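Structure first, commentary second.
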């Protein structure tokens, strides 16, 4: 998985790398006590710099959320949360509900996508010059 390269949605290059995020032992012990499972991955494009973090959490009642934090290090933080009842298959077809945030404020989906598209256009322009 570490060496796998995917196609970047921003610049179109095969330069997007997923990396497993490993929690330290103390955080893992706390999660096990709470009865939750968590899996995190960080995706980063080696060409244009686009990136996002995904955090998949399965709760005791077998529901699942996947939180996506896009373009970490920029402000405001763009976050979206997928609520699913099937933690095994993460796909748009299995999402029951999406929540979109700009910073800490909930925003409509269209506004969230407009901000992300503007940021990606800036990255594309910088990369192509």
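Give the residues of segment 95-121 that are part of a helix (DSSP H, G or I) and within 20 Å of residue 50 (Cβ to Cβ), sorted by residue number. Full working, then the answer.
First pass over segment 95-121, keeping only residues part of a helix (DSSP H, G or I): 109-121.
If the condition is that a residue be part of a helix (DSSP H, G or I) and within 20 Å of residue 50 (Cβ to Cβ), then 109, 111, 112, 113, 114, 115, 116, 117, 118, 119, 120, 121 are the ones that fit.
Checking the condition in a strand (DSSP E or B) and modelled with pLDDT under 90, which residue from 31, 20 passes?
When all the criteria are applied, what remains is 20.
When only residues in segment 36-82 that are in a strand (DSSP E or B) and under 13 Å from residue 16 (Cα atoms) count, which is modelled with the lowest pLDDT?
41
For segment 83-105, give me the residue count where each residue is surrounded by 10 or more Cβ atoms within 10 Å (Cβ to Cβ), at pLDDT 85 or above and more than 16 Å from the chain's Cα centre (by Cα).
1
The values are calculated or read from the model by the stated rules, or taken from the named source; none is laboratory data. Computed from a prediction, not measured in an experiment: that's the story for all the values here. Because the Cβ atoms are built from the backbone with ideal geometry, glycine has one as well, and the counts that use them run over all protein chains shown.
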